[in-house]
Amino acid sequence: MIYPVILCGGSGTRLWPRSRKTLPKPFLPLVGEQTLFEQTLARCADPALFAAPIVVTGAAHLEHVEAQSAGHAGTAIIVEPEAKNTAPAIALAAMRLPADAVMLVCPSDHYIADVAAFRKAAVTAAELAAKDFMVSFGITPTAPETGFGYIKRGEALGPGFAVERFVEKPDLARAVQFLADGSYSWNGGIFAFRAGALVAELQAHRPAMAKSVAEAVERGTQEDHLFHPDGDAFAAIKGDSIDYAVMENTSSAAMVPVAMGWSDIGNWHALRDAREADVSGNNVRGNAELVDCSGVLVESDGPRVSAIGLSDIAIVVDGDEVLVTSMLGTQKVGKLGGASNQ
């Protein structure tokens, strides 16, 4: 049995003004009718493969998590006292599970088109994790992306591969080389661990973090399906990502390559590409008329949008906020004053 651990945090500022602090990206129906969080729960809802999910979130998102997970019986929720990045969040779940439980760590705000491929990769990753490998999903790259970290595949390990090395986000020239090489995958932030093995890795590489998380769990309180770690113990943690804390330090890093129509929906460009488009590559939600346009995304919650002769542009209208950006500029949306303040 695989235990899904769903990380539900962040504010999705690069999808402003649609995504805001009060209703961020995971809880929006950005691709299809379900929200990204609901889709994540649904992918892990096969009772033949998966146990009931554990969701790690903050108090600010708790209302949305409870409402959107209501149809998934047995969902447990760990309410982080404050955000400390992914390593402490995952450690909280690991220390709440039996040591021999295999965890599948999933971000709550990614889109995966091929659920069957995801589940097949999850089973493969769980086989390796049960042998105490620290396993990453290696997403088959479809373009020389510079916004993702990469994983270089090493020697075969039964159903998967050893990780030769992790690579930081490259420049375009290196990304083109990685794509041509064929042995590099995107690091999509999906992992499989045996709970006890992950705790042991943290104790070896981040002993102070492991100690503080253990204290936060030991002193925590249970309230029905909600678990509240001790705030004082958790506050002592120096935050870190699971990549830096464990994956880049362990001698047991493994990966499972998978092509599953994955997108992190990291900005308006990625969202346009994840949605179905017309013959000109345009995608429209709301009231809009496009003339001689290509690769244009329009999202309006009311006002009519009219555009002529535009290419690779996003136009987003949400309430009293309007965003217009080139697709090249979408990575910078989170730097806008409106995005950071809302």
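For region 29-40, filtered to residues that are without any contact (Cβ under 8 Å) to a residue 60 or more places away in the chain and over 17 Å from Asp114 (Cβ atoms), the residue that is farthest from the chain's Cα centre (by Cα) is Glu33.
In region 6-34, the qualifying residues are those that are in a strand (DSSP E or B) and among the hydrophobic types (A, V, I, L, M, F, W, C), and the one that is surrounded by the most Cβ atoms within 10 Å (Cβ to Cβ) is Cys8. Considering the conditions (1) under 24 Å from Ser241 (Cβ atoms); (2) in contact (Cβ under 8 Å) with a residue 24 or more places away in the chain; (3) of a type in the set (Val, Ile, Thr), Val167 is excluded by exactly one of them, (2). Against the list (1) over 29 Å from Leu297 (Cβ atoms); (2) over 15 Å from the mean Cα position of the chain (by Cα), the condition Ala116 fails is (1).
Condition check: in contact with a strand residue (DSSP E or B) (Cβ under 9 Å, 6 or more places away or on another chain), among the acidic types (Asp, Glu) and surrounded by fewer than 18 Cβ atoms within 10 Å (Cβ to Cβ). Does Asp100 satisfy that? Can you show your working first?
On the way: in contact with a strand residue (DSSP E or B) (Cβ under 9 Å, 6 or more places away or on another chain): yes; among the acidic types (Asp, Glu): yes; surrounded by fewer than 18 Cβ atoms within 10 Å (Cβ to Cβ): yes.
Yes: the conditions hold for Asp100.
Scan region 95-139 for residues that are in contact with a Leu (Cβ under 9 Å, 6 or more places away or on another chain), under 19 Å from Thr40 (Cα atoms) and small (Gly, Ala, Ser) and jot them down. Passing the criteria: Ser108, Ala122, Ala125, Ala126. Of all residues in region 118-167, those satisfying the criterion of being in a helix (DSSP H, G or I) and more than 16 Å from Ser185 (Cα to Cα) are Arg119, Lys120, Ala122, Val123, Thr124, Ala126, Glu127, Leu128, Ala129. Of all residues in region 35-52 being part of a loop (DSSP other than H, G, I, E, B) and in contact with a Pro (Cβ under 7 Å, 6 or more places away or on another chain), which is nearest to Glu127 (Cα to Cα)? Per the criteria, the residue is Cys44.
Tally the residues that are out of contact with any Pro (no Cβ under 7 Å at 6 or more places or on another chain) and closer than 30 Å to Arg275 by Cβ, restricting the search to region 91-119. Spell out the reasoning first.
Looking only at region 91-119, we keep the residues that are out of contact with any Pro (no Cβ under 7 Å at 6 or more places or on another chain), and these are 91, 93-103, 105, 107, 110-119.
Now drop any that are not closer than 30 Å to Arg275 by Cβ, which leaves 105, 107, 110-119.
Of the residues in region 91-119, 12 are out of contact with any Pro (no Cβ under 7 Å at 6 or more places or on another chain) and closer than 30 Å to Arg275 by Cβ.
Say whether the condition of being closer than 30 Å to Glu145 by Cβ, surrounded by fewer than 17 Cβ atoms within 10 Å (Cβ to Cβ), out of contact with any helix residue (DSSP H, G or I) (no Cβ under 6 Å at 6 or more places or on another chain) and in the same structural domain as Leu92 (by TED's automatic domain parsing) is met by at least one residue in region 183-200. So far as region 183-200 goes, yes, one or more of its residues are closer than 30 Å to Glu145 by Cβ, surrounded by fewer than 17 Cβ atoms within 10 Å (Cβ to Cβ), out of contact with any helix residue (DSSP H, G or I) (no Cβ under 6 Å at 6 or more places or on another chain) and in the same structural domain as Leu92 (by TED's automatic domain parsing). Taking region 198-302 as the region of interest, the helices (runs of 4 or more DSSP H) fully inside it that hold 1 or more residues being touching a strand residue (DSSP E or B) at 6+ places or on another chain (Cβ under 7 Å), under 24 Å from Trp16 (Cα atoms) and of a type in the set (A, V, I, L, M) are 268-274.
There is no residue in region 286-293 that is surrounded by 21 or more Cβ atoms within 10 Å (Cβ to Cβ) and not hydrophobic (A, V, I, L, M, F, W, C). Residues that are outside any helix (DSSP H, G or I) and without any contact (Cβ under 8 Å) to a residue 40 or more places away in the chain are absent from region 90-107.
When region 238-275 is examined, which residues are found to be at positive phi and surrounded by 22 or more Cβ atoms within 10 Å (Cβ to Cβ)?
If the condition is that a residue be at positive phi and surrounded by 22 or more Cβ atoms within 10 Å (Cβ to Cβ), then Ile265 is the only one that fits.
The values are calculated or read from the model by the stated rules, or taken from the named source; none is laboratory data. Because the structure is a prediction, the values reported are computed rather than measured. We place every Cβ from the backbone using ideal geometry, glycine too, and count neighbours over all the protein chains shown.
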